[in-house]
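A short reminder: the numbers here are calculations on the coordinates, not readings from a lab. Computed from a prediction, not measured in an experiment: that's the story for all the values here. A quick note on method: Cβ atoms are made from the backbone with ideal geometry, for glycine too, and the neighbour counts reach across all protein chains shown.
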Amino acid sequence: MTPKQRVVRICTEQPTYAVCVMGTEISLDIRGCMPKDATHFDVHGTAGLKVSIIYDPEFVTSAPRWPLKSAVEVTVAMNGPSSAVNDDKVRVSYYDSTGGMLTSAWLYLTCMAISLDADTNRNGVVQANSTNKKKWTWGPNGKGAILLVNCDRDDPGSADMDSADSYVRSHADLEDMSLVILTTEGPAGIFENHKLLLQVSMFDAPKLRVFHDGGNTSISSYKHVLGSDKLSYIVECSDGKQQTSFFVEGLAFPDAGFEGLVYLHATLLEASTEYSTDTPVFSDTVVFRVAPWIMTPNTRKPLEVFVCSVKDNEDFLEAVRTLTKEANCKLTVCPFKENMGDRWIQDEIEFGYVEAPHKLFPVVFDSPRNRGLKEYPFKSILGPDFGYVTREPKNEVVSTLDSFGNLDASPPVTVKGKDYPLGRILIGSSFPRTGHKKMAKVVRDFLYAQKVQSPVELFSDWLTVGHVDEFLTFVQAPDRKGFRLLLASPSACYKLLKEKQREGYGDIALFQGLGDKRRKTIDEILMNKTYHSDNKFAQSCIDWNRSILKQKLGLSEADIIDIPQLFTVQKFGAEALFPNMVNMLVLGKHVGIPKPFGPVIGGQCCLEAEIRSLLEPLGLTCTFIDDFFSYHLNKGDVHCGTNVRREPFAFHWWNLVP
């Protein structure tokens with residue numbers, strides 16, 4: 001790497017004084033002050049200096065005196081920090097054509113070591129004098145520091161996220177920030193006529209906040225020095241050798257118009273006189289990338305299940321409680337006073353996380369649907385080491401596609417040689433030719449801007465509610481890619497019912513025990529032309545998505561399992577005829593499936609038996625949960641009424657290449 005150069009103009013009438021920072025070099029202007037009759041020069045420096053002559057051998061033959069008319073350049077670098085101001089010298093002497101010396105110019109130099117450092121190697125340690133801090137690169141061999149958005153609430157007494165405060169609340173708050181160390185070494189006297197500034201640009205200032213470590217254990221000693229309207233801070237340098245620590249917090253996730261990169265600068269300035277302004281001598285820079293928000297797919301280990309308690313779901317709640325015990329994960333019940341009768345906790349929030357080398361914590365993404373659960377994520381989930389983020393449309397109408405049942409993530413995949421080690425985000429949209437609803441632009445922009453889980457858009461607006469979780473889910477598997485994609489399939493359901501009809505069970509009814517008006521025999525369903533038409537439409541929509549998923553996730557047919565399901569087309573779209581079995585709660589090897597109330601043949605529901613035959617060979621344990629009255633009749637099923645916080649990926653996001 002070529003060292004930075006600073007041009008210094010010398011003078012024969014009086015000495016010149018300059019500061020040289022370690023790692024840089026001075027380019028001497030030897031011609032600006034040369035006497036009229038001068039034809040040659042020579043240059044000498046004291047022992048602490050490295051003086052270099054750069055020349056073209058074709059034109060220079062008389063060294064150690066160098067012709068002034070040739071392409072000769074002089075650079076000076078210092079071997080180490082000075083012990084006193086102006087303790088190193090350079091003399092440039094000028095000669096006429098007879099070899100007589102005409103005059104000399106003197107340069108007095110003071111060398112400083114200045115370095116602004118962060119954890120650019122991404123190992124949790126701040127490296128001194130790092131050479132890879134000014135450019136951020138992806139991949140396992142990439143370099144560059146990482147910044148977390150300080151979006152948790154470490155102080156239970158606070159009413160807002162930590163990032164809302166322009167002061168440090170606790171030592172736990174500091175742990176969410178990235179450490180930056182400014183090291184200076186050299187004679188303290190240099191700061192009698194120089195300043196050292198820490199700076200951010202006006203564009204980066206709203207994205208971060210910097211605190212100066214006051215040098216003692218008191219939290220009150222941490223001073224807010226950069227961010228918002230604070231663009232620069234004069235660092236007090238009272239000692240010849242010192243380290244000054246700063247803590248940096250992120251204030252904004254990557255988003256539209258913000259790639260996620262912010263820059264912090266340390267600049268040495270020569271102090272102004274009465275008639276001039278401060279002039280820069282040296283600048284060092286650290287670039288940070290703000291850590292993205294990362295989703296976790298169904299195949300990650302479940303840690304905590306969330307479900308709402310409402311007036312009519314006691315049995316459902318008990319079934320979920322039993323399933324979470326079997327799966328050995330925590331259950332959190334949102335009480336009625338906090339959900340206000342809103343049972344659709346899957347639609348309100350999505351769990352993810354943020355990660356830096358020094359810290360990782362979960363972050364809940366709050367959807368803009370804003371119904372009864374509107375306040376729950378901010379008031380009850382946000383907390384110590386549990387962050388919060390939301391996106392609210394300003395000039396857009398919020399639709400059902402903005403609920404997070406319409407947001408999912410695939411397991412890690414490889415597509416045409418490109419790895420997606422954190423999977424890909426799946427969002428539902430409208431069919432390209434319909435021009436109907438889309439997820440709000442602010443939400444879509446946010447998801448795309450995270451980069452590390454390159455989104456895939458599917459067609460979900462064919463459904464009344466319009467969510468991807470109505471026709472797909474993922475479960476773990478012991479072979480192939482480590483998972484299976486489950487797709488709702490009217491074709492598979494018709495095939496199964498026709499088999500049962502041929503076996504003589506056409507008079508066996510669905511919905512037994514749910515009232516005579518709901519009962520429909522296999523024969524009635526198979527003879528119903530409206531059902532055939534509705535499900536031909538539904539299957540064509542699912543097949544459209546099937547093709548997209550195969551292409552964008554690199555799947556083959558062997559990676560997909562068809563789950564029998566029928567739909568009916570109503571005024572605003574398709575709805576599940578019976579509880580939608582693909583809308584399941586996946587907890588590792590335990591899956592909670594909506595009880596379909598299919599035809600009972602030989603003492604068991606033939607739909608349940610079919611699902612068991614498809615999933616149990618994968619090592620999965622199927623539990624069927626009755627959600628008919630409490631959820632299904634309200635146009636949702638088990639997955640819609642639950643939510644899961646899952647274990648983060650072991651893979652570090654900065655090691656991928658988007």
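For a protection proxy built on the mean count of beta-carbon atoms within 10 angstrom, sort 64-70, 361-367 highest first, please.
For the peptides 64-70, 361-367, the packing ranking is 361-367, 64-70.
For the stretch 164-180, what does the Karplus curve 6.51 cos²θ - 1.76 cosθ + 1.60, with θ = phi - 60°, yield as ³J(HN,Hα) per residue in whole Hz, taken in order and with x for Gly and Pro?
My calculation for the stretch 164-180 gives 7, 9, 8, 8, 8, 8, 6, 5, 5, 4, 4, 5, 7, 9, 9, 7, 10 Hz in order.
Place a +1 charge on the Cβ of each Lys and Arg in the chain and a -1 charge on the Cβ of each Asp and Glu, then give the dipole magnitude about the Cα centre in debye, rounded to the nearest 20.
1620
Residue-wise, which Karplus ³J(HN,Hα) couplings in Hz belong to the stretch 224-234, taking 6.51 cos²θ - 1.76 cosθ + 1.60, θ = phi - 60°, and x for glycine or proline?
6, 10, 9, x, 6, 8, 9, 9, 8, 9, 7
Which percent, to the nearest 5, of DSSP beta bridges fully inside the stretch 345-465 are antiparallel?
Percentage antiparallel, nearest 5: 65.
Rg and Dmax of the chain, Cα atoms, in Å?
34.1, 122
Given H placed 1.01 Å from N in the peptide plane, which residues other than close sequence neighbours of GLY387 have an amide H under 5 Å from its amide H?
It is VAL363, VAL364, by chain and number.
Amide H to amide H under 5 Å from TYR17: which residues, 5+ apart in sequence or cross-chain, H placed 1.01 Å off N in plane?
TYR108
Calculate the FRET efficiency for LYS89 and THR131 from the Cβ-Cβ distance with a Förster distance of 45 Å, rounded to the nearest 0.05.
0.95
Taking every Cα atom in the stretch 284-415, find the radius of gyration and the maximum pairwise distance Dmax, and write them in Å.
16.7, 63
Could you work out how far helix 529-553 tilts from the main Cα principal axis of the chain, as a 0 to 90 degree angle to the nearest 10?
Compared with the principal axis, the helix lies near 30 degrees.
Which percent, nearest 5, of DSSP beta bridges in the chain are antiparallel?
So the antiparallel bridges in the chain amount to around 70 percent.
How far is it, in nm, from the label point at THR277 to the one at ILE548 when both lie 7 Å from their Cα along the line to the Cβ?
For THR277 paired with ILE548, the spin-label model returns 5.3 nm.
What does the highest-first list of 225-233, 348-356 look like by mean Cβ count within 10 Å?
Most protected by this proxy first, the peptides run 348-356, 225-233.
Using 0.36 nm times the number of residues separating LYS301 and LYS517, minus their current alpha carbon distance, what extension gain do you get?
Result: 73.6 nm gained on full extension.
Convert each backbone phi in the stretch 287-303 into a coupling constant with the Karplus relation 6.51 cos²θ - 1.76 cosθ + 1.60 (shift: θ = phi - 60°), then list the ³J(HN,Hα) values in order as whole Hz, x for Gly and Pro.
Coupling constants for the stretch 287-303: 9, 10, 10, 6, 4, x, 7, 10, 7, 10, x, 4, 7, 7, 4, x, 10 Hz.
For the stretch 15-166, what number results from the quotient of the Cα radius of gyration and 2.2 N^0.38 Å?
1.65
Taking amide H atoms as placed 1.01 Å from N in the peptide plane, list the residues 5 or more away in sequence, or in a different chain, whose amide H sits under 5 Å from that of SER429.
For SER429, the qualifying residues are LEU458, PHE459, SER460, ASP461.
Could you work out, for the stretch 294-649, what percent of all Cα-Cα pairs fall into each 10 Å distance bin, beginning at 0 Å and stopping at the bin that holds the largest distance?
Going from the shortest bin to the longest, the percentages are 5, 25, 36, 25, 7, 1, 0.
In deg cm²/dmol and to the nearest 500, what is the mean residue ellipticity at 222 nm of the chain if only DSSP H runs of at least 4 residues count, each as -39500 (n - 2.57), divided by the residue total?
Result for the chain, helices only: -4000 deg cm²/dmol.
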